[in-house]
Amino acid sequence: MRLLVTGAAGFIGSHYVRTMLDGGFPGYENARITALDKLTYAGNRTNLPADHPRLTFVQGDIRDLPLLLDLLPGHDAVVHFAAESHVDRSIEAAADFVSTNVGGTQNLLEACLRTGIGRIVHVSTDEVYGSITEGSWTEDWPLAPNTPYAASKAGSDLVARSYWKTHGLNLSITRCSNNYGPYQHPEKLIPLFITNLLEGEQVPLYGDGLNIREWLHVDDHCHGIQLVLEKGRAGEVYNIGGGNERTNVEITRTLLDLVGGDESMIRRVADRKGHDLRYSIDESKIRTELGYAPRTTFEAGIAATVAWYRDNPDWWKTVKHADRQA
Ligand code: NAD
């Protein structure tokens, strides 16, 4: 088995690759991986083993068709993580989001089609559904993305669907809730707050802090993706969630407890433009159809995540203060 993983040097892609190389996916202990990543500010080569006999790292752009046509032959499957992923950046400047997330996905699928790739998983997000006040989204919920990031991911989902429907590509889409865990870039809420507190700095909490997100440990997400890769049906969407709904202020207080600090460490800042109030997904399809079940409780996962950042200051200080060092 030979897989090509895009965005493999980012937070979730690198966890997926490390798990596979460590034998965490039964039946894939001998799989060889081509890790393709542009190494944007979010990509970090050190998230992957420097030298592993079953890993080949290629620095490249999913928008580069000749590169993909050269790389893809000989691979059995593609798992597609590469994306511009930070909502705040998409509000500041959306062009790269559309270019990479929509155009890059189309380019990748075109290359998969031309080179006869037999199985593809396109990794997407629950943010494509918009915001929901009550209840939870099933996979057939209408897409109503509210941010440029979410819109670009919704666009990529529709492009992916079209390559299945029109060309018959063997492709499934996953839509996951917010992830947390080790190696997440400190621009995102949980690692930003942990690392600020570790540095004795306040944490910037948007608005009233009552926005609700559903949190999933990255390891559970990766196991869900692997199930979809192995057993998901072509043309289907699978929601992956954790059932752990928390307001941002609850998350903040949990982190204050774990890292150490009181309410004075919270700095209220103006709300994010168009801030979605609540995300909540219904994941009964992947549970009943593929036997998915998250294994990490939020309490254990968040404590382990705080411990990881505490134990790995070299990793996050380099990433967080890259601008200062440049
Ligand atoms: P990330 O920003 O940590 O990693 C993205 C990776 O893609 C980086 O390594 C970056 O260098 C690479 N990349 C960006 N543009 C590229 C290009 N043009 N060509 C090749 N590589 C490129 O993101 P993440 O949090 O690991 O998210 C991975 C995927 O999961 C994304 O598609 C994202 O939309 C989706 N997702 C993330 C979450 C979350 O909570 N982080 C939740 C649901 C879905």
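A few comments on the model shown:
- For the options Asp126, Asp314, Asp76, a Gaussian network treatment of the chain with springs between C-alpha atoms closer than 10 Å singles out Asp314 as fluctuating the most.
- Choice from Asp88, Asp51, Asp157 showing the highest fluctuation, given a GNM over the chain with Cα pairs closer than 10 Å: Asp51
- Placing a pseudo-label 7 Å from each Cα along the Cα-to-Cβ vector at Met1 and Thr247 gives an inter-label distance of 4.4 nm.
- Fully extending the segment from Asp96 to Ala303 would add 71.1 nm, taking 0.36 nm per residue of separation and subtracting the current Cα-Cα distance.
- Gain upon complete extension [Arg45, Asp257; 0.36 nm per residue less C-alpha separation]: 73.1 nm
- For the chain, a simple Cβ point-charge model (Lys and Arg +1, Asp and Glu -1, everything else neutral) yields a dipole of about 620 debye relative to the Cα centre.
- Neighbour-limited loop hits for GluC sites (Glu not before Pro), region 1-102 (at most 13 other Cβ within 10 Å; DSSP other than H, G, I, E, B): Glu29
- Entries in Lys285/Lys317; Lys165/Lys188; Lys231/Lys273; Lys38/Lys153; Lys165/Lys285; Lys285/Lys320 that, when Cα-Cα distance is taken, lie over 29 Å: Lys285/Lys317; Lys165/Lys188; Lys231/Lys273; Lys285/Lys320
- What the Cβ-Cβ distance of Val269 and Ala322 gives, at R0 = 30 Å and to the nearest 0.05, is a FRET efficiency of 0.85.
- Separation of alpha-carbon centers, region 218-240 and region 160-212, rounded to whole Å: 17 Å
- Axis angle, to the nearest 10 degrees, between helix 218-231 and the longest C-alpha principal axis of the chain: 20 degrees.
- Scanning residues 5 or more positions from Phe57 or on other chains, those with amide H under 5 Å from its amide H are Ala35, with H placed 1.01 Å from N in the peptide plane.
- Separation between Cα centres of region 132-153 and region 259-326, rounded to whole Å: 20 Å
- For Thr166 and Thr56, a Förster radius of 25 Å and the Cβ-Cβ distance give a FRET efficiency of 0.20, rounded to the nearest 0.05.
- Rounded to 5, percent antiparallel among DSSP beta bridges of the chain: 10 percent
- Axis angle, to the nearest 10 degrees, between helix 148-167 and the longest C-alpha principal axis of the chain: 20 degrees.
- Across Glu283, Glu139, Glu299, mean-square fluctuation computed from a Gaussian network of the chain (C-alpha pairs under 10 Å connected) peaks at Glu299.
- Tensor-based shape of the chain (alpha-carbon gyration tensor, a/c under 1.5 rounded, otherwise prolate or oblate): prolate
- Residue-count net charge about Arg32 - beta-carbon cut-off 14 Å; Lys, Arg +1, Asp, Glu -1: 0
- Extension reserve of the Asn30-Ser284 stretch, reckoned as 0.36 nm per residue once the Cα distance is removed: 88.3 nm
- Tensor-based shape of region 1-121 (alpha-carbon gyration tensor, a/c under 1.5 rounded, otherwise prolate or oblate): oblate
- FRET efficiency, 1/(1 + (r/R0)^6) with R0 45 Å, evaluated for Leu277 and Leu113 via beta carbons: 0.70
We did not get these values from a lab; they are worked out from the coordinates using the rules stated. Keep in mind that what you see is a predicted model, and the values were worked out from it rather than measured. Heads up, the Cβs are rebuilt from the backbone with ideal geometry, glycines too, and the neighbour counts pull from every protein chain shown.
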